[in-house]
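*Asks:* Before I ask anything, let me first share the structure, which is written out below as structure tokens.
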Amino acid sequence: MCKEGILFNFGVNLIMNSNQTKLIMKTKLLKKITVLLALVALSTTRAQTTTFDTGLDGWAVDFGDGTHSTLSHNDAEGTDGAIVLDRITDNANFGIKGTAVVVNIDADVKKGIRIRFKNLTGGTTFRIGGTNGDGTVLKNNSGGNIDLPISGTTDYETAYFDLSSYTLWKGDLTKIWFGVRGSAPDASGQDFFLDEIEFITVPTATYSEFTRDPGFEDEDAVTGLGIGWEPDTKSYGSAGISTDEAHSGTNSMAYTFTDNQAGWWAIDNATAVTYDPGYSAGTMITTTIWVKSSVAREYKVFIGYLLDEIAKGGSQKTVALEDATSWQQLTFSYSIPAEESFTTAKTRISIPTVGSGFVNGNVLYVDDLVTTFTTEVRLSNEVNVLEGLQIYPNPASEIVNISAEAGSRISLSNLAGATVRSLEATSGTSSVSVSDLPSGIYIVTVVSEGKTAVSKLVIK
């Protein structure tokens, strides 16, 4: 909630001569306090959400001389009206300052912004500026502008901006403005429409590697704020949070099918994780996911990745009919190919609806995503590297064969560093059972005569 300060300073220096007089005065005082509280509540509500139903609500172009942009209100746009930004130059922006509409927006609490907009302009960037509680101009952590991507639209869409990582987004804002930048000026009728703006509390960020809210424990992650996940909701289904089914915790993500199944449904993490430095060729990305169906039907699940906003990798797994209605863990792996790298990453869950054959009312539950990175292991002292290590099959599910001379020490450890297998090789090839080990990535280490070989093993 926004910070509120209500000071009642009143004095009563009257001598009451009867209980009736006291009762009348108490009644009048309560009425005054009730009215004052109602006015404060109205101001607080306006400070959080503005719908522009009747006019500009105090908003104006920040450069008021009209040379960069004009701002107007259109009753026919939006739900019940919207403000319209007509860009004359790329510096077009609009905002509000020093009025009851935005005063007391607490940026220490309200770390997110939700807008409902239509963008008919060539603008691809939504710039956020203003003045924070210290009187400092809002900038990003490096001192530059806060520039967030937006898309061109033909109808109204909702976008969420998570500002929790910006250190200057703090205190009671005294001014805030927004710019729509890129490819200005626009042709006649190519305007930016703002139907609604709301300052919101952002759910706590919980990550399993780059998968945000991997257990779907934030109830608003799909259905409300949309900051955790963005579902590609189409006519053949919709996504939401289920509190009835969970592999662990209290929630899972529930995808409910309709009878119009015409393609693929997908859900992506809305906010990418940035890595500096990034990851390059040879990096192995492995994701495990738990799934369950409401009906006994063989179905397919696809896990992929958005690396630098480009769809990469991914693979498809099938859940058998006899396993459909119980929680099953699936493992997906992708190795970054040569000459490629990435610095930002999101997780994507997809369901090929045609191949899965779900019908109206069927539900698929998803829970507990765990993603890990494994980079190529290199030893600094090359003279101590044991050459010729071979592991097959890889990935493995039952038995893995490891080439090692008799007397070599072989160990198999998980990514947490715990040793799960340890043995001494008795011949040139040792066969190790892995059927009881959880799916995931493991590290195989072979030591022989002071030399060491290390390699990755995927257990599926």
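*Asks:* What is the distance, in nm, between label points placed 7 Å from the Cα along the Cα-to-Cβ direction at residue 258 and at residue 188?
*Replies:* Roughly 3.9 nm, to one decimal.
*Asks:* With a point put 7 Å past each Cα toward its Cβ, work out how far residue 276 is from residue 201 in nm, to one decimal.
*Replies:* Between residue 276 and residue 201, the simple spin-label model gives 3.0 nm.
*Asks:* Hey, can you grab everything whose amide H is under 5 Å from the amide H of residue 112? Only 5+ residues off in sequence or another chain; H modelled, so Pro and N-termini drop out.
*Replies:* Those lying under 5 Å, H to H, from residue 112 are 163, 200, 202.
*Asks:* May I pose another question? Starting from the Kirkwood Rh over alpha-carbon pairs, what translational D in µm² s⁻¹ does the stretch 207-374 have by Stokes-Einstein at 37 °C and 0.692 mPa s?
*Replies:* 205 µm²/s
*Asks:* Same structure, new question: Taking the Cα-to-Cβ direction at residue 424 and at residue 141 and moving 7 Å from each Cα, how far apart do the two end points lie in nm?
*Replies:* If labels sit at residue 424 and residue 141, their model points lie 5.1 nm apart.
*Asks:* Here's another thing I want to ask about it. For the stretch 365-372, just list the computed ³J(HN,Hα) in residue order, Karplus coefficients 6.51, -1.76 and 1.60, θ = phi - 60°, integers in Hz, with x standing in for Gly and Pro.
*Replies:* Each residue of the stretch 365-372 in turn: 9, 10, 7, 6, 7, 10, 10, 10 Hz.
*Asks:* Could you work out the pair-distance distribution P(r) of the stretch 157-219 from its alpha-carbon pairs, with 5 angstrom bin width and percents rounded to whole numbers?
*Replies:* Taking all Cα pairs of the stretch 157-219, the binned fractions are 3, 10, 16, 19, 16, 14, 12, 6, 3, 0 percent.
*Asks:* For a test of the definition: using alpha carbon positions, the gyration tensor, and the 1.5 limit on a/c, classify the stretch 51-200 as rounded, prolate or oblate.
*Replies:* On the way: a/c = 1.57, a/b = 1.39, b/c = 1.13.
Taking the square roots of the gyration eigenvalues as a ≥ b ≥ c, the stretch 51-200 is prolate.
*Asks:* Continuing with this model, one more query. If you stretched the chain out fully between residue 360 and residue 76, how much longer would it get, using 0.36 nm times the residue separation minus the C-alpha to C-alpha distance?
*Replies:* Extra length available between residue 360 and residue 76 comes to 98.6 nm.
*Asks:* Quick one: length gained pulling residue 151 to residue 409 fully straight, 0.36 nm per residue minus the C-alpha distance?
*Replies:* Net length gain for the segment: 87.2 nm.
*Asks:* If one puts a single equal scatterer on every Cα of the stretch 382-459 and applies the Debye formula without solvent, what log₁₀ I(q)/I(0) results at q = 0.13, 0.28 Å⁻¹?
*Replies:* Ignoring solvent entirely, the Cα scatterers give -0.34, -1.49.
*Asks:* My understanding is that a pair violates if its Cα-Cα distance is over 19 Å; which of 118/175; 300/460; 97/170; 292/317; 300/346; 139/170 do that in this structure?
*Replies:* 118/175; 300/346
We did not get these values from a lab; they are worked out from the coordinates using the rules stated. These figures come from a predicted structure and were not determined experimentally. No Cβ is skipped: glycine too gets one built from the backbone with ideal geometry, and neighbour counts run over all protein chains shown.
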